[in-house]
Amino acid sequence: MKRLSDQTLYEIIEVSVETSPEEIARACDRAAATYGAGSLVTYTLASSEESALLSSRIEEARAVLLDPSARSRYDERIGVRPHATPLPASPGTPVQALPPPPETRPEPGASSPAWPPAEVDVAVAEPLHISPGLPVFVPVAPPATEPAAPSATVPAAQVVSSPPPATLAPEGSRVHGGTSPAESSPWLEPASPGGDEVQPPAAPSQAAAPPAPDQPSAVAAPLPLALARPEPQPAPPIAPVAPIALTRAVAPILLDREVPPPRPLLVPEGAAWSGEMLRRVRESRGLTLQQVAERTRITRHHLENIELDRFKALPAAVYLRGIIMSLARELRLDGQKVARSYLDRMGPASDGEAKR
Amino acid sequence: MADGPILKLVQPTDAVVETPPVIRGFPRVKLSATRARRILSVGGGKGGIGKSLISANLGIALARRGQRVVLIDADLGGANLHTTLGLDVPRRTLSDFIDRKVERLEDVVSPTGVPNLGLVSGALDNLEAAMPKHAQKMRLLRHIQAMDVDYAILDLGAGTHTNVLDFFLVSDHGVLVLVPEPTAVENAYRFVKAAFWRRVRNVAQVFGYETLLHDIMEGASFRSPVDLVATVVERDPEAGANLANQLAAFRPRLVVNQVRTPQDAEMGHAVVAAWRKYFGLEMEYLGGIEHDDAMWRAVRVRRPLLLDRPDVPAGLAFERIADRLIAADQPGRIADQA
């Protein structure tokens with residue numbers, strides 16, 4: 001008995017831990033075809049959220065298990081021998097029988113996923129903390145430079161309307177001991193409510209539009225630079241928006257690590273969710289890409305492409321929707337709205353499914 | 001006692017296999033060799049997917065292997081198993097037993113023309129029998145369990161009514177039938193989920209976990225048994241361990257009917273894997289049955305396929321499944337199959 005999020009990547013694609021890369025590639029294809037969008041065997045069994053989680057885990061299996069070094073790190077993490085040195089298994093007995101018989105239910109404590117030891121990711125994560133001078137505020141003006149006009153005119157209330165915490169309450173069904181990392185993370189709940197961090201709204205006129213989403217090079221540019229830009233001409237009238245404070249205290253579990261201090265971040269109502277915005281929210285939460293990758297089980301590769309708006313490199317919209325939803329949830333945003341907004345920006349590249 | 005829940009419980013491994021635990025509400029059976037060794041029920045939620053034909057042909061296949069088999073038409077209100085066997089409406093039916101016109105279930109068993117195979121024909125023209133009272137259902141189940149046969153095969157009706165689920169849950173082999181169509185797959189999942197949650201309820205009732213489960217499930221809905229068990233473990237480790245043990249025994253046997261392509265047959269494995277992925281539970285794939293024109297021709301002439309055309313692919317598929325069931329029931333494996 002294992003949750004989908006607790007099953008190993010090997011269990012997800014139903015191969016033994018010794019499987020060759022060629023066979024793993026085939027198993028990933030097979031799993032993607034079997035459980036992918038519209039699959040007859042899953043569409044009435046699982047919620048769309050669960051299907052999206054499974055799809056992203058299959059993609060994760062592809063990314064991790066086909067990369068020798070990533071695979072050996074992963075093997076070490078889940079406690080199996082490196083696949084290069086097969087175990088002297090007794091004849092006919094797979095090294096790790098898949099699936100495990102139902103009787104061998106793990107101890108309750110063991111069912112909560114063990115995070116990799118801190119040293120695994122801190123080293124990787126540190127260099128990611130760029131843009132130390134990132135300003136505290138995201139501009140309040142709606143991004144008038146959006147390429148897709150319709151998305152800029154999305155009614156404000158539709159994109160960011162409710163205070164994020166309301167949508168982020170941990171699902172009641174979750175156990176704090178065995179919380180799925182890909183879903184709610186109760187331990188991420190703030191140690192202290194960040195109510196005092198609500199900042200007065202900045203004067204909207206002095207803030208510039210966020211970088212256009214098709215300019216990944218502008219990602220790390222501190223905002224003051226953007227002041228040099230001309231005020232976007234066709235900007236819709238800037239309503240006196242009520243910015244929503246998104247900042248919460250950093251999770252206690254992170255306190256012993258070198259993480260950037262959380263910074264208050266205000267997200268304007270009606271803003272389209274670009275990769276850049278998601279990056280800012282993530283950084284305001286003091287999370288590295290690596291940490292988000294581990295918690296959401298979305299590969300870092302995908303996360304980077306999302307934040308850089310590399311639409312071409314991203315998976316199909318039906319998968320991407322689930323991926324963005326779990327990313328947004330990890331950032332304590334409204335997954336539905338963020339995913340809709342993000343996919344809308346992809347324009348015709350995304351199919352109707354995403355805009356539903 | 002008659003109001004107790006109906007289910008098979010996991011027995012401690014050191015217990016004698018034939019000794020059912022003495023539990024409030026559990027149908028008491030005579031501890032003798034005269035007990036139906038295996039109860040096999042055929043369900044699947046949707047109508048028209050071949051439950052009756054599979055029951056009839058599996059019955060014939062098992063009887064031909066020397067097993068004493070009785071087919072019981074448990075499709076209360078929609079009985080037609082006799083027709084699939086080419087029989088007219090038997091003189092005595094389940095109605096007579098339910099109405100207590102006869103005392104013993106054996107008294108309503110009709111011969112089928114196949115050696116070793118008997119039929120308890122379903123209730124006809126009796127609205128009361130279509131919705132038996134709980135006590136009547138318990139009596140029927142007690143008698144089924146006590147029948148002097150090797151296999152009692154229950155042909156269940158469509159839907160997820162508690163009557164259907166209870167027959168499924170009391171079986172040693174709960175056979176889940178689906179055909180490779182979205183509607184059938186959807187209903188099969190609904191059926192097997194409903195059966196699972198009824199088992200949770202019944203286990204809770206037997207072991208007195210009702211309050212515990214009620215508290216836990218009040219403010220939350222559990223999609224997955226894993227979450228439920230984890231929560232119970234937190235409150236009461238012992239109850240959680242027992243619950244996990246009892247629930248892990250829920251292990252339906254899957255049959256994919258009307259297989260037209262190799263992909264259709266593969267679907268059985270995919271359903272088993274998906275069930276494990278999302279529900280954390282096991283299922284066993286018994287195999288696929290080929291879609292076969294000989295099948296509907298046999299239905300038209302009211303002759304079971306295995307008597308009419310035993311050589312066609314679908315006929316061979318029934319033989320394979322029967323072999324698998326018998327192999328699974330070999331002494332020594334019985335404990336695993338509870």
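All of the numbers you see were taken from the coordinates with simple rules; none came from a lab. Computed from a prediction, not measured in an experiment: that's the story for all the values here. Neighbour counts are summed over all protein chains in view; Cβ atoms, including those assigned to glycine, are modelled from backbone coordinates with ideal geometry.
List of remarks:
- Residue-averaged beta-carbon neighbours from other chains (10 angstrom radius) around B:177-188: 2
- Legend: ranking of residues A:S72, A:S56 from fewest to most surrounding C-beta atoms inside 10 Å; resulting order A:S72, A:S56.
- Dipole magnitude (debye, nearest 20) for region B:38-337, charges at Cβ of Lys, Arg, Asp, Glu: 340
- Tensor-based shape of region B:191-239 (alpha-carbon gyration tensor, a/c under 1.5 rounded, otherwise prolate or oblate): oblate
- Beta bridges by DSSP in region B:38-337, antiparallel share as percent, to the nearest 5: 10
- Note on B:R251 and A:S69: with the Förster distance fixed at 35 Å, the Cβ-Cβ geometry gives a FRET efficiency of about 0.30.
- Counts of other chain beta carbons within 10 angstrom of each beta carbon in peptide B:221-233 average 6.
- With neighbour counts taken as other beta-carbon atoms within 10 Å, the residues A:E49, A:E76 rank, fewest first, as A:E76, A:E49.
- The HN-Hα couplings worked out from phi for region A:25-36 by the Karplus form 6.51 cos²θ - 1.76 cosθ + 1.60 (θ = phi - 60°) are 4, 5, 5, 5, 4, 4, 5, 5, 6, 6, 10, x Hz, whole numbers, x standing for Gly and Pro.
- The mean number of partner chain beta-carbon atoms within 10 angstrom of a residue's beta-carbon across peptide B:248-255 is 1.
- In order along region A:336-343, the Karplus-derived 3J(HN,Hα) couplings, from 6.51 cos²θ - 1.76 cosθ + 1.60 at θ = phi - 60°, round to 4, 5, 4, 5, 4, 5, 5, 5 Hz, and Gly and Pro are given as x.
- When you restrict to C-alpha pairs under 8 Å that are six or more residues apart and normalise by the size of region B:38-337, the relative contact order lands at 22 percent.
- Order of B:W197, B:W296 under a 10 Å beta carbon neighbour criterion, fewest first: B:W296, B:W197
- Built amide H within the under 5 Å cut-off of B:E284, gap 5+: B:R253, B:L254
- When the C-alpha to C-alpha distance is required to be over 31 Å, the pairs from B:K51/B:K277; B:K133/B:K193; A:K337/B:K277; B:K101/B:K193; A:K312/B:K46; B:K137/B:K277 that qualify are B:K101/B:K193; A:K312/B:K46; B:K137/B:K277.
- Relative packing of B:106-112, B:303-309, B:55-61, which averages over residues the other C-beta atoms within 10 Å, highest first: B:55-61, B:303-309, B:106-112
- Here's the picture: charge each Lys and Arg Cβ at +1 and each Asp and Glu Cβ at -1 in region B:232-315, and of B:L247, B:V299, B:A265 the one pushed furthest to the positive end of that dipole is B:V299.
- Amide H to amide H distances under 5 Å link B:Q258 with B:I289, B:H291, where only residues 5 or more positions off or on other chains count and H is placed in the peptide plane.
- Residues with amide H under 5 Å from that of B:G77, placed H, sequence gap 5 or more: B:A123
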